[in-house]
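Participant: Okay, handing you the structure first.
The values are calculated or read from the model by the stated rules, or taken from the named source; none is laboratory data. This is a predicted model, so every value here is computed, not measured. Positions of Cβ are generated from backbone atoms using ideal geometry, with glycine treated the same way; all protein chains shown enter the neighbour counts.
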Amino acid sequence: MASKCLKASFSSGSLKGPGGGYGGSARVSTVYSGSSCRLPGLPRGARSFSTCSAGLGRSSRRAASCLPALWLPSGGFAASYSVSGGWFGEGLLTGSEKETMQFLNDRLASYLEKVRQLEQENASLESRIREWCEQQEPYLCPDYQSYFRTIEELQKKTLCTKAENARLVVEIDNAKLAADDFRTKYEMEVSMRQLVESDMNSLRRILDDLTLCKSDLEAQVESLKEELLCLKKNHEEEVNTLRCQLGDRLNVEVDAAPPVDLNRVLEEMRCQYETLVENNRRDAEDWFNTQTEELNQQVVSSSEQLQTCQAQIIELRRTVNALEIELQAQHSMRDALESTLAETEARYSAQLTQMQCMITNVENQLAEIRSDLERQNQEYQVLLDVRARLEGEIATYRGLLESEDCKLPCNPCAPEPSPSKSCLPCLPAASCGPGAARATCSPRPLCAPCPGGRF
């Protein structure tokens, strides 16, 4: 009997998904001799297995699957298997196994359709993301260093100008103070000149009074001298008259008192009057000197008090001007600080607004990225679930195939055995599982049907 070898190769293509578990799209290629069957693609690597089938005697017997009917849960992406043709002819699978294979093939077909659709959607999304990334210009934070340098230079110039203005204001105030001092000194000198002039006027009046008194006294002296001359003349006339009258009479000499010397009396009177005038003049001069000294002392004390008061007034004016200058400097400094504070607040508010806009844009981008990541994570979880389900289905399908290998004759290529010899049955299906090593069939003298009545 000619033997036919069936070789099914599984290769993993490119299945694009967020998890990266599949390298590409799953492709299934099967090669049969006399029949065809679609097998699911394995997720990693490429595997191959071969089964041999042979016709026993003149009649071909169908090997039934040793896989019992399975209930595979539905959900996520359904995968199905489709069977075309027979399995080494007819009668190799039972009805429940055919239904299971049909169910698996249907799910595999729908899964492949879903995978193809997801690949197309993924490609379109990737193209859209690529276009968006190409169109989206990267946001660059503007460089304000040059502006900061310019602002610092302008601030330095402003501070220098303010300092120069303050210095000029201080110089102007000092000049004003000096002018006020000179004005005060001028006013003080004018007042002193007026005081001296008033004193001179008063002294002139006193001098005029004394001159009048002196002229009066001189007039009195002249009148007294004239009166004295008149008295002398009258006395001489009376004496001459008396002498003339007595010339005709007898000259009787009588001892009488000596006559009074009128010249001496007049001299004495003159001396008395001169002494009196001198005393009066001396008293008036002393009184005038005393009054003058008192007035001078009063003027000196008043001038000293006036100078003291004027010095106090000047000192107070200087203090007031200094306080006004300091107040103006403080006001100018306050205005400068307020303007600087307003400029700083405006600048930082503008920067804060820009930062808020940047933060809002970045938050929106982060929200979009998070939503994309969540969506891709959900798709990845779905694909992982699908992968786990497919791996389970592939393991189940592999178990079916390996159990079918175990149920085939041990040596299908050997001649017909004699009835006297017997062959050991094949190993049970438990030894043909996915985790156990494949059983090796050794030639037997005679092949008997496996337990269970399948052959």
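Participant: Is there any pair linking a residue in region 100-111 that is buried (at least 16 other Cβ atoms within 10 Å of the Cβ) to one that is among the acidic types (Asp, Glu) and at pLDDT below 85, with Cβ under 6 Å and at least six apart or on different chains, and which?
Facilitator: none
Participant: Thr211: in contact (Cβ under 8 Å) with a residue 40 or more places away in the chain, in a helix (DSSP H, G or I) and closer than 30 Å to Gln298 by Cα, yes or no?
Facilitator: In short, no.
Participant: For Glu153, indicate whether it is under 35 Å from the mean Cα position of the chain (by Cα), exposed (fewer than 13 other Cβ atoms within 10 Å of the Cβ), of a type outside the set (Val, Ile, Thr) and over 23 Å from Thr275 (Cα atoms). Let's see the steps before the verdict.
Facilitator: Details: under 35 Å from the mean Cα position of the chain (by Cα): yes; exposed (fewer than 13 other Cβ atoms within 10 Å of the Cβ): yes; of a type outside the set (Val, Ile, Thr): yes; over 23 Å from Thr275 (Cα atoms): yes.
The answer is yes for Glu153.
Participant: For region 220-238, give me each residue that is of a type in the set (A, V, I, L, M), in contact (Cβ under 8 Å) with a residue 12 or more places away in the chain and within 14 Å of Val265 (Cβ to Cβ).
Facilitator: Leu224, Leu228
Participant: For Cys357, work out the one condition from (1) at pLDDT below 90; (2) within 24 Å of Ile151 (Cα to Cα) it doesn't fulfil.
Facilitator: Of everything listed in (1) at pLDDT below 90; (2) within 24 Å of Ile151 (Cα to Cα), Cys357 misses just condition (1).
Participant: Just need a number here: residues in region 324-340 that are closer than 12 Å to Asn174 by Cα and of a type outside the set (D, E, K, R).
Facilitator: Final tally of qualifying residues: 1.
Participant: Quick one: Ser198 ticks every box in (1) within 30 Å of Arg281 (Cα to Cα); (2) surrounded by fewer than 11 Cβ atoms within 10 Å (Cβ to Cβ); (3) polar (S, T, N, Q) except a single one, so which number is it?
Facilitator: With respect to (1) within 30 Å of Arg281 (Cα to Cα); (2) surrounded by fewer than 11 Cβ atoms within 10 Å (Cβ to Cβ); (3) polar (S, T, N, Q), Ser198 is out only on (2).
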